[in-house]
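Inspection log for the structure reproduced underneath, given as structure tokens.
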């Protein structure tokens, strides 16, 4: 494939595995179209404003999403290429700030794969002149990526880079394309060994990012021609698919531990459908959930799920997406989320980003309202909590997790938080102990889904859902506080937290939550 012309396409272009993403485009009030990400919508028109000034702030996540160009999957045959052509004309490389969004390697990696998949789907109808424009820009972007791989960031960013190289190696033909494929295969082999735990969990320990990386690996698998790496990937994929189905809530959406959102990646069921079609393997949900390397444990019973995080915050050298959620848990009952992780509103530094990462917003214990780990800026972490001990006991219908973290040993008296959660089909029993310490105030919190109602009758507390009541027994007083949650990027909801003050360290607390099903014919 010469450097400037004669872009030779492969005889068979690789097709997309996933359905077109149509959620990024909608009709506007003036009968036009809007493009939207992170709950912010702007006009979709040509010429497109690819660099709105109000979006040039913080991490530029909205702008990055725009330059992913996933929205062209929702456009008709007449318009999808016109926006590509518009992008090419408006976004030249090496201008001031080019690396922040339009030629950012992560953004570029997503965009070129979208372009190639859309060309395979409907590019044959383009004129020869349009094909030249398209292929010249596409090849230039892949060459740029090859010279600007995100080796410094690594993690899910590098996986996106790898997928782009592999896809381009099968889209074009010639020696240059083969070199892209060889480099992509080499990097993928290293990533599989570095980024996936032995029990099949992406090492950034965010279920949302796990789903995203699983989708990327499935796409890599579909275009790999290195049989050695493909055989390694074939071993990893079933494990990753198993973790995804095990941690999906009964509503069909992902757990929100760490950074992520309910709709951040392809839907879990679509990921699993692609996995099963591609590998001809089946994956079924387990009742007892136990991932020792990743630190996730739980129990699934019919349409209920409890999931506990008793693992590390993140990889030591890549803590960007970790939260202060050691020994926290999520809980769905009768298909409805009850105890939730707050989710993430944005990646820009500020109060909302700080809140989403803080221990105060998670279902665990704080001492003097301090964070377990020292978070700063949008993605940085200083001293961090680590799991110092963990004991797991399982039975056919239950699992018990006892774990301790050292996140508060920086405080006077070096206090440690130990928590036991006994999970059974209709009951969750939580036993907290603060070992040592010197008079710090210990407080446990439970963040509730916005739809859950709280009722206090005398000393008794109840959580009311659509098909259940949950009775709460606690040996310390319970208070209710207003708070917020996000669930999806850009969406903010008001909700409530149960707050239990169990005194000054050293101290302990016991809480039992028992589920009572409401009969189908019951009228509240």
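Readers should treat all values here as calculations from the given coordinates under stated rules, not as data from a laboratory. Quantities reported herein were computed from a predicted structural model and do not represent experimental measurements. Every residue, glycine among them, receives a Cβ derived from its backbone with ideal geometry; neighbour counts consider all protein chains shown.
Mind pulling the angle between the C-alpha long axis of helix 128-147 and the longest principal axis of the chain? Nearest 10 degrees, somewhere in 0 to 90. Helix 128-147 and the main axis of the chain meet at about 50 degrees. In this label model, residue 279 and residue 82 are separated by 4.3 nm, measuring between points 7 Å along each Cα→Cβ vector.
If the chain linking residue 459 and residue 182 were pulled fully straight, counting 0.36 nm for each residue of separation and taking away their Cα-Cα distance, it would gain 93.1 nm.
Segment 12-88 and segment 431-502 have Cα centres separated by 40 Å. Our estimate of slack between residue 40 and residue 140, defined as 0.36 nm per intervening residue step minus the Cα-Cα distance, is 32.9 nm. Counted residue by residue at 0.36 nm each, then reduced by the alpha carbon distance between them, the extension gain from residue 426 to residue 151 reaches 94.3 nm.
Think of it as helices only: each DSSP H run of n ≥ 4 in the chain is worth -39500 (n - 2.57), and spread over all residues that comes to -9500 deg cm²/dmol at 222 nm.
List the relative contact order of segment 65-221 as a percent without decimals, with contacts defined as Cα pairs under 8 Å and 6+ residues apart. Don't jump to the answer; show the numbers that get you there.
Values: 127 pairs, mean separation 31.0, N = 157.
Once divided by the residue count of segment 65-221, the mean separation gives 20 percent.
Measuring how big segment 309-406 is from its alpha-carbon positions, Rg and Dmax come out at 14.5, 45 Å. Please check which bits of segment 117-148 a label hung off residue 94 would reach, taking the label as a point 7 Å along Cα-to-C-beta and the cut-off as backbone N under 18 Å. In segment 117-148, the label zone of residue 94 (backbone N under 18 Å from the point 7 Å along Cα→Cβ) covers 136-148. Kindly state, to the nearest 0.05, the FRET efficiency for residue 11 paired with residue 190, given R0 = 35 Å and r defined as their beta-carbon distance. With a Förster radius of 35 Å, E is 0.70. Here the label points at residue 510 and residue 292, each 7 Å from Cα along the C-beta direction, are separated by 3.0 nm in the simple model.
Pairs of Cα atoms under 8 Å, at least six residues apart: use those to get the relative contact order of segment 289-517, whole percent. Mind dumping the intermediate values first?
Values: 602 pairs, mean separation 41.1, N = 229.
Relative contact order comes out at 18 percent.
Exposure proxy shown here: for 366, 409, 77, the number of other Cβ atoms within 10 Å sets the order, fewest to most, as 77, 409, 366.
Taking every alpha-carbon pair under 8 Å whose residues sit at least 6 apart, segment 11-148 reaches a relative contact order of 24 percent. The angle separating the long axis of helix 175-195 from the principal Cα axis of greatest extent in the chain is about 10 degrees.
The modelled label-to-label distance for the pair residue 235/residue 466, using points 7 Å beyond Cα in the direction of Cβ, is 4.3 nm. In degrees between 0 and 90, to the nearest 10, how far off the longest principal axis of the chain does helix 268-279 point, with axes built from Cα atoms? Roughly 60 degrees between the two axes.
What the pair-distance distribution of the chain shows, using all Cα-Cα distances binned every 10 Å from zero, is 4, 18, 27, 24, 16, 9, 3, 0 percent.
What number, in nm² with one decimal, is the all-direction average of the projected area of the convex hull of the alpha-carbon atoms of segment 451-524?
Numbers: hull surface 27.7 nm².
Mean shadow area of the hull around the Cα atoms is 6.9 nm².
Only alpha carbons enter this Debye calculation for segment 150-257, each as an equal point scatterer, and the log10 of I(q)/I(0) it gives at q = 0.15, 0.16, 0.24 Å⁻¹ is -0.60, -0.68, -1.30. Convex hull of alpha carbon positions in segment 289-517: directionally averaged projected area 11.8 nm². Among 163, 146, 234, 277, a tally of other beta-carbon atoms within 10 Å of each Cβ gives an order, fewest to most, of 277, 234, 146, 163.
Taking the number of Cβ atoms within 10 Å of each Cβ as an exposure proxy, the fewest-first ranking of 115, 331 is 115, 331.
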